[in-house]
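Some notes on the structure that comes next.
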Amino acid sequence: MKPIPFMAPSLTDNEKSNLLDSIESTWIGGVGPYISRVEQGWAEICGAKECVTASNGTVALHLGLLALGVGPGDEVIVPALTYVATANAVRYTGAEPVFVDVDKKTWCMDPSKIEAAITRRTKGILPVHLLGHPADMDAINKIATLYNIWVLCDAAQAHMATYKQRTVGSLADIEVFSFHVGKVFTCGEGGAIVLNDSKLANWLRMVRGHGMDPERRFFHPMTAYNYRLTNMQASVLCAQLDRRSEIMQRRRVFFERYKEGLTGIPGIGFQPIASWANPCPWVFAITIDEDKFGISRNSIIQEFADQNVETRPFTYPLNSLPPFRELSDSRGVTFPITEHLSKTGIYLPSSTDITEHEVDFICGIIKDLAKKGNSG
């Protein structure tokens, strides 16, 4: 069996054709027609009025926070289980992330934990649609309205997911996406900020481009950033979005094959799906109950590595990481669900173009390990 990567992009002649067109046009930098196409197209897909592209998802988060006025001395509520970029972006502004535990029913921010985390310094809530599953946005937005604070969603992993039949991207004041090489739709790196405020969108376009006045070239009324997506990247992303139905269908098929192949194995748990959610099929995630399975999560990961199958453990709880640990510990809050998932979770290979044979091979490894673990 050839090596099976955890994630690899699905690229066709469509992406190559668009990229060549961008190169031949000489529009390869931070302006060009493909950028406009992405912004218009992604806004429509998300059911939002505006989309502002950026060079990656992390800087899109940074821009979104700046647009909402976050700065030194502020606090932003963040789930403890997510990729570190979510908390890092808060720190970029000089503000502090305040962590809350996740809900075992969704693995997303637990709305019941939010109010206890709100202080007079709290400016907003930053839910994450984790592993493609939407957070419970009605509950979160209700709390935000009660306390007169904003909601910005990290939707990096949740392309085209839906919450109560509403598309992710239209569920908060601002939602932010990533088009990293490991995401469902990709252009290598890339990000997008989706919102319904055209005035704020124009401000974001100005800030991502060194703060230059759109009416007065080389006049910069503010200190800003170079956070622009290139036209070359956008050309690849346009092709990905044109193929979105095909990509999503392929991924849903192999997700179902994984589920069928692993159902009934003692100790294997699946990502929960709320009745109101239609998640994005980003990564197929399982948890390992060592007592029932008979082998530890880390031993399973090593066995996969020995057989040239690349997997990933779940991320560390953000509250446990050195940059955030001391301040988080001082609050005296515990994160039992986050800590349990972090210790037991595995992401299985989830490339769009993974084959049925590869999925069956991966499931076979887990079945063989289960037999070995329970034979003793």
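Does the range 135-288 classify as rounded, prolate or oblate by the C-alpha gyration tensor (a ≥ b ≥ c root eigenvalues; a/c under 1.5 gives rounded; else a/b over b/c gives prolate, otherwise oblate)? Oblate is the answer for the range 135-288, as a/c is 1.5 or above yet b/c matches or exceeds a/b.
Full extension of the chain between Gln249 and Asp138 gives 37.2 nm of extra length, using 0.36 nm per residue less the Cα-Cα distance. Here's the picture: a label point sits 7 Å out from the Cα of Arg91 along the beta-carbon direction, and within the range 64-81 the residues with their amide nitrogen under 19 Å of it are 64-66, 70-81. The ranking of Phe179, Phe270 from fewest to most other beta carbons within 10 Å of each one's beta carbon is Phe270, Phe179. Per-residue ellipticity at 222 nm, computed for the chain from helices alone with -39500 (n - 2.57) per DSSP H run of at least four residues, works out to -12500 deg cm²/dmol. In this label model, Tyr225 and Asp197 are separated by 1.7 nm, measuring between points 7 Å along each Cα→Cβ vector.
Using the number of other C-beta atoms within 10 angstrom as an exposure proxy, rank His357, His220 with the fewest first. Walk me through the intermediate numbers first.
Values: His357 9, His220 13.
Ranked by crowding around the Cβ, least crowded first: His357, His220.
Computed FRET efficiency, Cβ-Cβ of Lys105 and Tyr147, R0 22 Å: what is it to the nearest 0.05? Intermediate values should be presented prior to the final figure.
Working: r = 24 Å, r/R0 = 1.07.
So the FRET efficiency works out to roughly 0.40.
Counting only alpha carbon atoms, the long axis of helix 57-67 and the longest principal axis of the chain meet at about 50°. The gain in end-to-end length when the Asn308 to Phe218 segment is fully stretched comes to 27.2 nm, 0.36 nm per residue minus the alpha carbon separation.
Given R0 = 30 Å, the distance between the Cβ atoms of Asp289 and Lys164 translates into a calculated FRET efficiency of 0.45.
Dipole magnitude of the range 244-375 about its Cα centre, charges +1 at Lys/Arg Cβ and -1 at Asp/Glu Cβ only, in debye to the nearest 20? List each step's numbers first, then the result.
Details: 15 positive and 17 negative charges, 59 e Å.
Result for the range 244-375 is approximately 280 debye, rounded to the nearest 20.
Once you sort the root eigenvalues of the Cα gyration tensor of the range 140-206 as a ≥ b ≥ c, which label holds: rounded (a/c under 1.5), prolate (a/b larger than b/c) or oblate (the other case)? Oblate shape, in that a/c is at least 1.5 and b/c is the bigger or equal ratio. Spacing of the modelled spin labels on Val181 and Lys371, each 7 Å from Cα toward Cβ, amounts to 3.7 nm. For the chain, treating each Cα as an identical point scatterer without solvent, what Debye log10 I(q)/I(0) comes out at q = 0.06, 0.07, 0.09 1/Å? Each listed q corresponds, in turn, to -0.23, -0.32, -0.53. Local charge for Asp136 was computed over the other residues whose Cβ lies under 13 Å away, with Lys and Arg +1 and Asp and Glu -1, and equals +3.
Going by how many other Cβ atoms sit within 10 Å of their own, how do Leu237, Leu66 line up, fewest first?
Values: Leu237 27, Leu66 18.
By the 10 Å Cβ count, ascending, the order reads Leu66, Leu237.
Quick check on my link table: of Lys142/Lys183; Lys105/Lys292; Lys123/Lys199; Lys183/Lys259; Lys259/Lys371, which ones sit more than 24 Å apart, alpha carbon to alpha carbon?
Working: Lys142/Lys183 30 Å; Lys105/Lys292 21 Å; Lys123/Lys199 21 Å; Lys183/Lys259 21 Å; Lys259/Lys371 18 Å.
Violating the 24 Å limit, Cα to Cα: Lys142/Lys183.
Summing Cβ point charges (Lys, Arg +1; Asp, Glu -1) relative to the Cα centre of the chain gives a dipole of roughly 340 debye.
Summary of the geometry: the range 15-90 and the range 310-376, compared by the centres of their Cα atoms, lie 28 Å apart. Put a plus charge on the Cβ of each Lys and Arg, a minus charge on the Cβ of each Asp and Glu, and nothing anywhere else: the dipole of the range 188-268 about its Cα centre is then about 60 debye. The DSSP beta bridges internal to the chain are antiparallel in roughly 60% of cases.
Rounded to two decimals, the Cα radius of gyration of the range 244-375 over 2.2 N^0.38 Å is 1.17.
For the charge dipole of the chain, defined by +1 on Lys and Arg C-beta atoms and -1 on Asp and Glu C-beta atoms about the Cα centroid, which residue among Asn196, Leu20, Thr287 has the Cα displaced farthest towards the positive pole? Comparing the listed Cα positions along the dipole, Asn196 ranks first. Mind checking which lysines have their C-alpha under 16 Å from Lys104, skipping anything on the same chain fewer than 8 residues away? Answer for Lys104, where 16 Å is the Cα cut-off: Lys113, Lys343, listed by chain and number. Measuring between their Cα centroids, the range 186-246 and the range 271-293 lie 33 Å from each other.
A short reminder: the numbers here are calculations on the coordinates, not readings from a lab. Here the structure is a predicted model, which means the values were calculated and not measured. Virtual Cβ from ideal backbone geometry, glycine too; neighbours counted across all protein chains shown.
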